[in-house]
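Input: a single structure, listed below in structure tokens.
What follows draws every value from the coordinates through simple rules; no lab data is involved. Keep in mind it's a predicted model, so treat the numbers as computed, not measured. All Cβ positions, glycine included, derive from the backbone under ideal geometry; neighbour counts span all protein chains shown.
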């Protein structure tokens, strides 16, 4: 009977060790993922081709273009341009100014990745 109790106690000890080890591993992985995501600077991350094309157009037009003109000039859907401008605005590349029913996009800064051809 004592052997059975010791065996059950040993099994519970092993299961507890596995459980706590798994929990520690999960917490370690989550912390590592959080560290990676907080260390990424959106302003230095790689720009998409659409983002670069929009920035090039802004440079060519002396830094200010209406959002509708960007869509028309680049042949892109309005939704695609809107999403790209939101990304660029959050990264600090452009400022979007509301002018009546239209959005004026103003260039705030340029990166070395954007070159006017």
_Please arrange 13, 80 by how many other C-beta atoms lie within 10 Å of their C-beta, fewest to most._
13, 80
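May I ask you to order 51-58, 67-74 by the average number of other C-beta atoms within 10 Å around their residues, highest value first? Could the numbers behind the result be given before it?
Values: 51-58: 20.1, 67-74: 16.2.
Packing order, densest peptide first, comes out as 51-58, 67-74.
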*Gain on full stretching of the segment that runs from residue 102 to residue 19 - 0.36 nm per residue minus C-alpha separation*: 24.1 nm
*Sorted by packing (mean other beta-carbon atoms within 10 Å per residue), highest first, where do 95-101, 81-87, 1-7 land?*
81-87, 95-101, 1-7
